[in-house]
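Quick notes on the structure that follows.
The values are calculated or read from the model by the stated rules, or taken from the named source; none is laboratory data. Since this is a predicted model, take the numbers as computed values, not measurements. So basically every Cβ, Gly included, is an ideal-geometry build from the backbone, and we count neighbours across all protein chains shown.
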């Protein structure tokens, strides 16, 4: 049994993710204004780009997760973080939305290539009893980068007189650092021995409880409109570029503070109930952002929304890892994360298509209702299991 959960690989992968997230989240809050303001694209383009980017990540996760069970994790982690940096370079030099599309898709393909193998590598290093803490720790580091990134953006906006494109180029520095750090990761996955067989052996099906959990989470994810549209809502109700970046920074700070405790509570009690609480925070924040034009109320709502990724992202991965065995752990993470990405594609398309300039942003209200229904479903399942 691996009694020490804070392993060398976990620490290094957390630092790598911190640097990459600093790059991503420096760029991300600038993306709506870069796309709709500087380039002049419509909100539908923003929803479509983000949805397709997540779908591209999903397709890649299906391949990389399964392949990492056979070839090892490290090659996918290195190539994934490197490709993400290339995608960011496309975005920052783009003068038309198709090039932004190419950059975001390339970035997310990199994310898809690394995510499932990286998460499987974390799970390979930690005993199942500590998976929540391990993924919570990783998510915390990830989101420290998400605080640092917008912080750098605020400094750069002040230094460069609000030049959004020039500020976006600063994202390339932490992206390069992240790619270089992956070279120091240790592969601790034992590759299966090659056995000569005449009949091709099919992969066994994933366990039924695992598939059921994935299905429920994916259906809930269909309500998760891409965060870029939430930031566009802030721009629409009058936030400045600096105001949006600062709001996003505060959102990420909440995630930093809540991610590790959320994972630890999920280990002790149940990932379902922690996930349900995250969905309640999601519903309250989305409904508020959809209905209000008051800047203070909107800021409070976005800060509340920071609880959602803290209580669902790492918790969901730990939940799936806990239902997986070593011989299909990468495939399980790939199927789960890919399916979640495809759901975001659907949410991005319907959210972007219904987006309007009105006082009330109805897509956010509808998404809030969907998330609340999801929270009720998970809480009901938890109570039934507790009683039995």
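Yes or no, residue by residue, for (1) over 30 Å from residue 332 (Cα atoms); (2) modelled with pLDDT of 85 or more; (3) buried (at least 23 other Cβ atoms within 10 Å of the Cβ):
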{"residue": "210", "(1), (2), (3)": "no, yes, no"}
{"residue": "224", "(1), (2), (3)": "no, yes, yes"}
{"residue": "244", "(1), (2), (3)": "yes, yes, yes"}
{"residue": "291", "(1), (2), (3)": "yes, yes, no"}
{"residue": "309", "(1), (2), (3)": "no, yes, yes"}
{"residue": "312", "(1), (2), (3)": "no, yes, yes"}
> Of all residues in the stretch 87-105 being part of a helix (DSSP H, G or I) and over 19 Å from residue 47 (Cβ atoms), which is nearest to the chain's Cα centre (by Cα)?
Replying inline: 88
> Does residue 149 satisfy the condition of being without any contact (Cβ under 8 Å) to a residue 24 or more places away in the chain and part of a helix (DSSP H, G or I)?
Replying inline: no
> Residues of the stretch 1-40 being crowded, with 16+ Cβ neighbours inside 10 Å and not in a helix (DSSP H, G or I), which ones?
Replying inline: 5, 7
> Which one of the conditions (1) over 28 Å from residue 266 (Cα atoms); (2) over 18 Å from the mean Cα position of the chain (by Cα); (3) in a helix (DSSP H, G or I) does residue 178 fail to meet, given that it meets all the rest?
Replying inline: (2)
> Any chance the stretch 364-378 includes a residue that's outside any helix (DSSP H, G or I) and modelled with pLDDT of 85 or more?
Replying inline: no
>> Just to be sure I understand, how many residues within the stretch 126-136 are surrounded by 24 or more Cβ atoms within 10 Å (Cβ to Cβ) and under 13 Å from residue 311 (Cα atoms)?
In response: 3
> Which condition number does residue 59 fail, the rest of (1) surrounded by 20 or more Cβ atoms within 10 Å (Cβ to Cβ); (2) under 16 Å from the mean Cα position of the chain (by Cα) being met?
Replying inline: (1)
> Of the residues in the stretch 153-163, how many are within 24 Å of the chain's Cα centre (by Cα) and surrounded by 21 or more Cβ atoms within 10 Å (Cβ to Cβ)?
Replying inline: 1
>> Exactly one of these conditions fails for residue 239: (1) out of contact with any helix residue (DSSP H, G or I) (no Cβ under 6 Å at 6 or more places or on another chain); (2) in contact (Cβ under 8 Å) with a residue 60 or more places away in the chain; (3) assigned to a loop (DSSP other than H, G, I, E, B). Give me its number.
In response: (2)
> Of these, 343, 353, 332, which one is surrounded by 24 or more Cβ atoms within 10 Å (Cβ to Cβ), part of a helix (DSSP H, G or I) and in contact (Cβ under 8 Å) with a residue 12 or more places away in the chain?
Replying inline: 332
> Within the stretch 41-51, is even one residue without any contact (Cβ under 8 Å) to a residue 12 or more places away in the chain and surrounded by fewer than 19 Cβ atoms within 10 Å (Cβ to Cβ)?
Replying inline: yes
> Across the stretch 60-85, what is the total count of residues that are under 14 Å from residue 112 (Cβ atoms) and either out of contact with any helix residue (DSSP H, G or I) (no Cβ under 6 Å at 6 or more places or on another chain) or at pLDDT 90 or above (or both)?
Replying inline: 10
> Taking the stretch 289-306 only, how many residues are more than 15 Å from residue 227 (Cα to Cα) and assigned to a helix (DSSP H, G or I)?
Replying inline: 5
